[in-house]
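First up is the structure itself, then whatever we jot down about it.
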Amino acid sequence: MSTVLNRTNSITGVKYKDDPTVFSWELANEPRCINASLPTSGTCTADTSSTGASEMSTYAKSIDSNHMVSIGDEGFLA
């Protein structure tokens with residue numbers, strides 16, 4: 001994540017973390033513990049998802065306080 005946030009746009013010369021055209025950072029694309037075609041691991045829970053998202057969003061905000069951070073989920077945590 002640090003590599004992306006600190007990357008300088010080769011066209012504008014602006015670091016992504018300072019770019020006003022970036023709306024927010026999405027931590028994952030539709031993360032979920034349950035998948036209709038795969039068995040559950042038994043270790044992934046709503047707490048697992050919440051804890052991971054909390055840790056990563058705190059890390060992202062420590063590098064980039066200018067943008068919002070979203071989980072990227074579909075509105076449920078399982």
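Data overview
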| quantity | calculated |
| --- | --- |
| Pairs of alpha carbons in the chain whose separation is greater than 22 Å (percent) | 35 percent |
| Carbon/sulfur fraction of accessible area - the chain, other protein chains in place, 1.4 Å, % | 55 percent |
| Calculated FRET efficiency for the pair GLU30/ASN66, C-beta based, R₀ 30 Å, to 0.05 | 0.75 |
| THR8 paired with SER50, simple spin-label distance in nm, labels 7 Å along Cα-to-beta-carbon | 4.2 nm |
| On Cα atoms only, tilt of 46-63 relative to the major axis of the chain in degrees | 10 degrees |
| Chymotrypsin sites (Phe, Trp or Tyr not before Pro) restricted to the chain and DSSP loop, no more than 14 other C-beta within 10 Å | PHE23, PHE76 |
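The values are calculated or read from the model by the stated rules, or taken from the named source; none is laboratory data. It should be emphasised that the depicted structure is a prediction, and the values quoted were computed from it without experimental measurement. Positions of Cβ are backbone-derived with ideal geometry, glycine not excepted, and every protein chain shown enters the neighbour counts. The protein model used for the area step is the full one, side chains on, heavy atoms only, and it has no ligands, DNA or RNA in it. Shrake-Rupley method; radii C 1.70, N 1.55, O 1.52, S 1.80 Å.
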